[in-house]
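The structure under discussion appears below in the form of structure tokens.
The values are calculated or read from the model by the stated rules, or taken from the named source; none is laboratory data. Nothing here was measured: the structure is a model prediction, and the numbers come from that model. Note that each Cβ is placed from the backbone with ideal geometry, even for glycine, and that neighbours are counted across all protein chains shown.
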Amino acid sequence: MTVHTSLVRVVGTLIMSLVFGCSGPEDSLPRAQDAGLGFLTGVVRLSGNGAVTPTIIENSTDPEICGRKHTLQDLIVGPDRGIRYVIAALVDVPEARIPQIVDEPLIIDNRDCRFAPHVGVVMAGTVIEVTNSDPVLHTTHLYGAMETNLALPTAGLRVSRVAEGIGMVVVKCDVHGWMQSFLRIDSHPFHAVTDANGAFRINNIPPGDYTLEFWHERLGQLHQSIRIEPARTTEITLSYDYR
């Protein structure tokens, strides 16, 4: 397997503003039960003059199913330079501010010889369902804050585990070495992953001062102090400098 990569230098800049109300249909006024809680929205973009070159691998394992070349999802940039698959998460959230909720199960699918989703966030205690949509053997091997290895030899199999531990998890397939995804487990639900436009939103945050952490598999980590105000939306623009 041959891997072609490019060098990355990361510099982060943040512009943060606090605004009243919301800006889109999903940004309607807080529901009655959410009165007094705050909201966080943002966009993560790529700046600098570096050419965006995806990582390409050559494959000889199950090529009739998986193909002989794969373009990885390690750096996806949209038309407006928005970066996909950046994690935005609050860190060191006081226990008293963490709601007692149960998240919907997170599904990790082995599909088209890659993991879907490529990057995910989940609250500890949430059920993780792993499935195989391909007619070949895959393993879903978790390393890091949570460790387990699940073998899925045929299509249609589904195995469940409960998310445990706090921190980053690398998910790999022991059969197909290019298959890799990332999972962040937090003690709280105040996290999100950027979409194809580099945008994210975190709802219903108790007011207060926080540290916001950004993580990307190639561009690294950045941190910023923020303040969440009751019934207001904090807007953030983040730039990774890529040279």
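Figure legend. Inter-residue proximity from segment 72-85: first residues surrounded by fewer than 17 Cβ atoms within 10 Å (Cβ to Cβ), second residues aromatic (Phe, Trp, Tyr) and in a strand (DSSP E or B), beta-carbon distance below 6 Å, spacing 6+ or different chains. No pairs are indicated.
The rows are residues; the columns are (1) at pLDDT 95 or above; (2) in contact with a Phe, Trp or Tyr (Cβ under 7 Å, 6 or more places away or on another chain); (3) closer than 24 Å to GLY48 by Cα.
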{"position": "ASN204", "(1), (2), (3)": "yes, no, no"}
{"position": "PRO207", "(1), (2), (3)": "yes, no, no"}
{"position": "GLU213", "(1), (2), (3)": "yes, no, yes"}
{"position": "GLN221", "(1), (2), (3)": "yes, yes, yes"}
{"position": "GLU229", "(1), (2), (3)": "yes, no, no"}
{"position": "ARG232", "(1), (2), (3)": "yes, yes, no"}
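For segment 170-180, the criterion of being in the same structural domain as ARG111 (by TED's automatic domain parsing), among the aromatic types (Phe, Trp, Tyr) and within 26 Å of LEU90 (Cα to Cα) is satisfied by no residue at all.
Looking across segment 120-151, the residues that are in a loop (DSSP other than H, G, I, E, B) and touching a residue at least 24 places away in the same chain (Cβ under 8 Å) come down to ALA124, GLY125, THR126, SER133, ASP134, PRO135, VAL136, LEU137, ALA145, MET146. Note on segment 39-64: among residues that are modelled with pLDDT of 95 or more and hydrophobic (A, V, I, L, M, F, W, C), the one that is farthest from the chain's Cα centre (by Cα) is PHE39.
The residues on offer are ARG232, ARG201, and the sole one that is surrounded by fewer than 21 Cβ atoms within 10 Å (Cβ to Cβ), in contact (Cβ under 8 Å) with a residue 40 or more places away in the chain, in contact with a Ser or Thr (Cβ under 7 Å, 6 or more places away or on another chain) and of a type in the set (Lys, Arg) is ARG201.
Where strands (runs of 3 or more DSSP E) sit wholly within segment 182-243, those with at least 2 residues that are aliphatic (A, V, I, L, M) occupy 191-193, 199-205, 220-228, 232-241.
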